[in-house]
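Asks: After the structure tokens below, expect a handful of questions from me.
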Amino acid sequence: MKDFRKTRRKRIEAWLTAAMFLFGTLTGCGSVSDTHGDVGTPNDGKLKVVTTLFPYYDFTRQIAGDAVDLSMVIPAGQDSHSFEPTPADIRLIQNADLLICNGGAMEQWVSQVVASLDSESLKVITMMDYVDTVEEEIVEGMEDAGEEHHHSHASADDTHDDHDHDETVHADDDDHDHDAEDHDHTDDEHDDDADYEIEYDEHIWTSPVNAMKITQVITDTLQEMDPADADIFAANAEDYLGKLENLDQEFRDVVNGADLDLIVMADKFPLRYFADTYGLRYRAAFSGCASDTEPSAKTIAYLIDKVREEQIPAVYYLELSSHRVAEIISEETGAKPLLFHSCHNVTRREFDNGVTYLELMEQNVVNLREGLYR
């Protein structure tokens with residue numbers, strides 16, 4: 001995975017060089033994406049807030065309502081991990097008062113864009129700075145992201161599994177020493193890639209508990225930047241935080257009364273924070289930020305065996321993703337293929353219809369129940 005991210009970082013640097021050149025030639029050009037909202041319109045006195053990801057767009061929308069001009073950089077329907085900004089995106093950020101981003105390797109481009117802009121007034125808040133982050137992990141049966149894996153976390157239920165699978169990747173050996181990694185890298189490669197030695201799971205918003213923390217950070221920031229509307233922000237945030245607390249309790253009620261504590265994702269697994277919050281074990285085809293999309297026959301066979309072994313009634317797939325692997329597992333086991341929405345982005349139709357984080361997560365409550373109760 002490090003090689004993939006290093007290659008992508010270099011590609012983004014080249015892309016940004018070209019994009020910044022084009023940006024410098026643009027005068028009065030409008031946005032190319034409907035998610036860009038009112039960018040380019042005359043200043044109406046409202047804060048111009050730009051978010052990179054859908055969850056932060058929706059949290060801000062719930063807190064601020066019409067009190068800010070709100071836009072989202074990444075177009076609806078696009079995977080955030082493969083996004084590369086256009087000159088119009090750069091202009092959107094240039095004109096903003098506040099940029100709300102996630103951070104992490106999938107948003108390498110953000111710091112590069114911000115550093116290239118001549119904007120002393122732009123405030124940037126990075127949400128991964130406000131929650132406890134965890135490293136990505138490779139659990140039993142999961143496709144390894146490459147030979148350069150550096151994680152130290154093991155599956156939460158390694159001690160409960162009696163099966164000895166050759167494909168299992170365990171990263172919890174007592175003698176695993178990050179300082180003494182014996183990989184075949186040159187010093188230059190290590191120096192160039194130093195910022196990416198530790199690969200943190202970036203999908204922090206998947207936990208409603210983190211969503212509450214993030215909501216409070218956004219609220220505090222908006223109040224600081226727009227004192228005149230501080231009472232509006234506070235009242236809306238109080239109401240929204242109450243809804244997030246109810247959502248959190250719904251998930252806890254489902255898990256506490258369940259027959260099972262294992263979820264099987266026939267896809268990438270961007271739900272580490274969610275699983276940790278509710279004490280769930282998991283098996284998946286890939287880690288959350290894996291570049292691969294097609295698991296090996298060995299991985300699919302492992303997931304089929306796991307579903308049969310633990311009598312799992314449902315197997316999950318992600319939004320904006322193929323259902324094929326989930327359907328294969330379903331055909332072999334009878335488990336029902338269901339969507340578990342990570343909320344990282346939504347389709348164009350969903351965006352246009354005003355779908356919310358809460359609506360998506362409420363459906364996850366329903367689908368989680370189907371997967372944990374026999």
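Asks: Quick one: what pairs do we get from segment 345-374, first residue outside the structural domain of PHE59 (by TED's automatic domain parsing) and surrounded by 14 or more Cβ atoms within 10 Å (Cβ to Cβ), second of a type in the set (Gly, Ala, Ser) and modelled with pLDDT under 95, C-beta under 8 Å, 6+ apart or different chains?
Replies: Partner pairs satisfying both residue conditions: ASN345/SER80.
Asks: Another one. Could you grab me the full set of residues in segment 248-298 that are aromatic (Phe, Trp, Tyr) and touching a residue at least 60 places away in the same chain (Cβ under 8 Å)?
Replies: Within segment 248-298, the first condition is being aromatic (Phe, Trp, Tyr), and the residues that meet it are 251, 269, 273-274, 278, 282, 286.
Result: PHE251, PHE269, TYR273, PHE274, TYR282, PHE286.
Asks: Something else about it: Based on what the data block shows, is ASP220 out of contact with any strand residue (DSSP E or B) (no Cβ under 6 Å at 6 or more places or on another chain), at pLDDT below 95 and either closer than 21 Å to SER342 by Cα or assigned to a helix (DSSP H, G or I) (or both)? First the steps, then the outcome.
Replies: Working: out of contact with any strand residue (DSSP E or B) (no Cβ under 6 Å at 6 or more places or on another chain): yes; at pLDDT below 95: no; either closer than 21 Å to SER342 by Cα or assigned to a helix (DSSP H, G or I) (or both): yes.
No, not satisfied.
Asks: Could you list, in sequence order, all residues of segment 338-362 that are over 17 Å from the mean Cα position of the chain (by Cα) and in a loop (DSSP other than H, G, I, E, B)?
Replies: ASN353, GLY354, VAL355
Asks: In addition: Which members of segment 38-67 meet the condition of being modelled with pLDDT under 95 and farther than 17 Å from CYS101 by Cβ?
Replies: Listed by number, the residues that qualify are ASP38, GLY40, THR41, PRO42, ASN43, ASP44, GLY45.
Asks: Continuing with the same structure: What about VAL365, is it of a type in the set (Val, Ile, Thr) and assigned to a loop (DSSP other than H, G, I, E, B)?
Replies: No.
Asks: Collect the residues in segment 307-325 that are surrounded by 18 or more Cβ atoms within 10 Å (Cβ to Cβ), touching a His at 6+ places or on another chain (Cβ under 9 Å) and either more than 13 Å from LYS336 (Cβ to Cβ) or not assigned by TED's automatic domain parsing to the domain that holds ALA266 (or both), keeping them in residue-number order.
Replies: LEU318, GLU319, listed by residue number.
Asks: Out of all the residues in segment 259-279, is one or more over 22 Å from the mean Cα position of the chain (by Cα), in a helix (DSSP H, G or I) and surrounded by 23 or more Cβ atoms within 10 Å (Cβ to Cβ)?
Replies: no
Asks: Tell me, which helices (runs of 4 or more DSSP H) lie completely within segment 42-122 with 3 or more residues that are of a type in the set (Gly, Ala, Ser)?
Replies: Helices (runs of 4 or more DSSP H) meeting the threshold: 108-116.
Asks: Give the number of residues within segment 69-88 that are surrounded by 23 or more Cβ atoms within 10 Å (Cβ to Cβ) and more than 28 Å from PHE269 (Cα to Cα).
Replies: 1
Asks: Residue check, GLN311 against (1) in a loop (DSSP other than H, G, I, E, B); (2) at pLDDT 95 or above; (3) within 22 Å of the chain's Cα centre (by Cα), all met but one. Which one?
Replies: Just one mismatch for GLN311, condition (3).
Asks: State all residues of segment 283-298 that are surrounded by 22 or more Cβ atoms within 10 Å (Cβ to Cβ) and not aliphatic (A, V, I, L, M); if no residue qualifies, say none.
Replies: From segment 283-298, those surrounded by 22 or more Cβ atoms within 10 Å (Cβ to Cβ) are 283-290, 295; that's our starting set.
Scanning segment 283-298 gives ARG283, PHE286, SER287, GLY288, CYS289, PRO295.
The values are calculated or read from the model by the stated rules, or taken from the named source; none is laboratory data. Since the structure is predicted, the reported quantities are computational estimates derived from the model, not experimental observations. No Cβ is skipped: glycine too gets one built from the backbone with ideal geometry, and neighbour counts run over all protein chains shown.
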